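What follows is a set of notes on a single structure, which appears directly below.
The values are calculated or read from the model by the stated rules, or taken from the named source; none is laboratory data. Owing to the predicted nature of the structure, the values given are computational and were not obtained by experimental measurement. Reconstructed Cβ throughout: ideal geometry from the backbone, glycine too, with neighbour counts over all protein chains shown.
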């Protein structure tokens, strides 16, 4: 087998789950994909109901990616809910931009969410990182240079009651697409969401 034949047509796809989920949350989405013919990584991160800081979760994600694909293999990322912010933190803060081709965000509070505002940083550091104007989000949004070389796409629900208001669930760069679903879980379950998500993931 030649090296060209050994290399997958698309880079590996890394799927990062949200706070109350594990990797099984992507089951419907993976069933909807027409055999993507590329390696998949679905790490189960110990988010501990929002107690793990986002930066710590991003460091754990880095360990999973390094162990699976080494230090240089390009990857595509999709993050759901808190997982999208974790993936973004890996890209912007831990050098992930040097190997990321696409960053797809699904219902992720990149601009903060009102639902995080009442919760104290101790013990819920991960949730507190998602408050409007949190130090983490200020750091991520203050320098977008590392995102500009990556194909970014944000999917969101306009009436999402987990990310409130729903339009704040978007990256500050790239394409933004509102999906016609009513609830946060439907972003990964409803056929009207799975179709556009699959199309985005299958783009060359």
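Here are the numbers for the structure shown:
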quantity	calculated
Residue that is crowded, with 19+ Cβ neighbours inside 10 Å and either closer than 27 Å to residue 142 by Cβ or over 12 Å from the mean Cα position of the chain (by Cα) (or both), where the choices are 95, 18, 70	18
Leading residue by the ranking (nearest to residue 204 (Cα to Cα)) among those in segment 138-173 that are part of a helix (DSSP H, G or I) and in contact with a helix residue (DSSP H, G or I) (Cβ under 8 Å, 6 or more places away or on another chain)	147
Pick from segment 174-196, criterion out of contact with any helix residue (DSSP H, G or I) (no Cβ under 8 Å at 6 or more places or on another chain) and in a loop (DSSP other than H, G, I, E, B), ranking: surrounded by the most Cβ atoms within 10 Å (Cβ to Cβ)	184
Failed condition for residue 199, given (1) assigned to a helix (DSSP H, G or I); (2) loosely packed, with under 14 Cβ neighbours inside 10 Å; (3) touching a strand residue (DSSP E or B) at 6+ places or on another chain (Cβ under 7 Å)	(3)
Count of residues meeting criterion [out of contact with any helix residue (DSSP H, G or I) (no Cβ under 8 Å at 6 or more places or on another chain), farther than 19 Å from residue 113 by Cα and crowded, with 17+ Cβ neighbours inside 10 Å] in segment 73-92	0
Odd one out for residue 11, checked against (1) touching a residue at least 12 places away in the same chain (Cβ under 8 Å); (2) part of a helix (DSSP H, G or I)	(2)
Residue list for segment 31-54, restricted to those being at pLDDT 95 or above, assigned to a helix (DSSP H, G or I) and surrounded by fewer than 19 Cβ atoms within 10 Å (Cβ to Cβ)	48, 49
